[in-house]
Amino acid sequence: MNKKWGLSAAALMLSAALILPGCAKKEEPKEALTAAASKATTDMKSYEMKTKLVINDLTIDTGTNEADASTGQIMSMLKNAELTIDGVYQAEPMQTELTTVLNLKGDMAMSFTVPMVMTGDKLYVKVPSIPFLPIPETIVNKFVELDLKELAEQQGAEFNPSQMDAQKMQKLSNEVMNTLLGEYDETKYFSNIKPKDAGLPEGVEAKQVVQFKVTNDNVKEALTILVNNAMPKIIDILGKDEYKDLLQIEPARLAEAKEELQSSEARAEFDKNLADLNKYLTINQFHLNTALNKDDYPVYQDMLMDIKVNDPDKGENVTVSMNASNQYSKINEKQTFKIGIPQGDDVITLEELQQQFGGSGMSTTY
């Protein structure tokens with residue numbers, strides 16, 4: 001597929017990723033999201049979370065039978081695939097545990113689970129049992145201990161705890177979100193919807209649900225705002241000194257990205273693609289809902305994206321339909337860690353993992 005469908009799909013996905021963390025008290029929708037984001041950043045010290053991604057449909061038609069046959073098996077596995085992440089987080093002392101479950105459907109259906117635990121300086125990853133992957137039984141269900149300081153030293157770098165600063169990441173997300181939201185007109189893109197009509201899961205109580213929505217009627221403007229107005233400002237945010245340790249991005253790379261984004265050639269190419277957008281992009285549905293509880297916290301967010309992208313010149317067509325959701329509970333309560341910090345016989349080192357694979361070049365970035 002050419003740059004046209006990639007531009008539209010990537011921009012929509014970026015919007016989804018940035019909007020989802022919003023939260024607010026009951027007021028005008030855009031103001032609500034923007035005003036309360038700071039509260040979430042500063043006040044959410046601990047929580048349980050549930051994240052889910054479901055691929056309802058993923059179809060790629062390249063216009064050639066040979067290419068379609070080669071991708072058909074992969075597409076059949078990804079269709080109706082589910083990815084879930086259940087986690088617990090606390091800021092002090094820093095401890096996070098996440099359990100990721102991937103369920104693949106179709107003719108080669110399989111499921112595997114990967115638990116992880118993170119502290120201020122260590123990461124533990126449980127070795128899963130994955131069908132068709134020859135993992136020695138002696139290490140399956142063991143936790144591989146990764147000492148982040150040692151790994152940094154092995155790579156000739158100095159370990160900086162700021163790279164693991166979840167609260168600073170929340171602050172960055174908040175600043176990016178506020179910048180992005182600030183560029184969009186409230187009446188065109190934001191609305192309050194009734195909680196009873198929002199499809200909230202059982203147990204989620206919300207006093208307000210804010211929806212951000214993009215349609216075929218406003219997608220050209222939405223992409224123009226994102227690329228021309230929001231992205232240069234977001235790049236400036238990523239380049240701030242306070243985020244250097246967190247992101248580890250060279251200032252020169254950010255400067256280059258901004259310069260390229262704002263170049264006359266890039267603007268001309270973007271405008272050309274945008275003019276013909278309706279020929280290759282159809283938005284069946286694209287919205288993001290944020291449910292706010294009585295304490296102004298985001299207790300539930302969901303995204304629905306159903307789009308079709310085609311290139312009539314090449315006869316290529318892509319259909320993508322997916323749902324994603326985040327749910328937060330037990331905010332600022334004492335958390336219960338089901339896994340705990342692995343120790344004893346349940347733990348192996350990275351070197352022991354490599355030995356089990358015959359020293360065959362397992363990367364230290366496991």
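The values are calculated or read from the model by the stated rules, or taken from the named source; none is laboratory data. This is a predicted model, so every value here is computed, not measured. Cβ atoms come from the backbone with ideal geometry, glycine included; neighbour counts cover every protein chain shown. Only protein heavy atoms, including side chains, enter the accessible area calculation; ligands, DNA and RNA are left aside. Shrake-Rupley method; radii C 1.70, N 1.55, O 1.52, S 1.80 Å.
Worth pointing out:
- Packing, as the average of other Cβ atoms within 10 Å across residues, places the peptides 89-99, 290-300 in the order 290-300, 89-99, highest first.
- Dipole-positive endmost among Leu223, Ser264, Pro131 within region 131-289 (Cβ charges, Cα centre): Leu223
- For region 87-189, carbon and sulfur atoms together expose 53% of the accessible surface, with a 1.4 angstrom probe and every protein chain in place.
- Accessible solvent surface per residue of region 228-366, calculated while the other protein chains remain in place, 1.4 angstrom probe, Å²: 56
- Lys279-Glu221 pseudo-label distance in nm [points 7 Å out on the Cα-to-Cβ vector]: 2.4
- For the residue pairs Lys39/Lys168; Lys171/Lys244; Lys45/Lys171; Lys188/Lys220; Lys122/Lys240; Lys45/Lys330, alpha carbon separations beyond 19 Å are given by Lys122/Lys240.
- Per-peptide average of other Cβ atoms within 10 Å, ordering 275-283, 217-225 highest first: 217-225, 275-283
- Region 199-248, accessible surface, carbon-and-sulfur percent (1.4 angstrom probe): 45
- Given charges at beta-carbon only (K, R positive; D, E negative), |dipole| of region 200-256 in Debye: 180
- Each residue, Ile139 and Phe112, gets one label point 7 Å from its Cα in the Cβ direction; the gap between the two is 1.3 nm.
- Across the alpha-carbon atoms of region 203-268, the computed radius of gyration and Dmax are 16.8, 52 angstrom.
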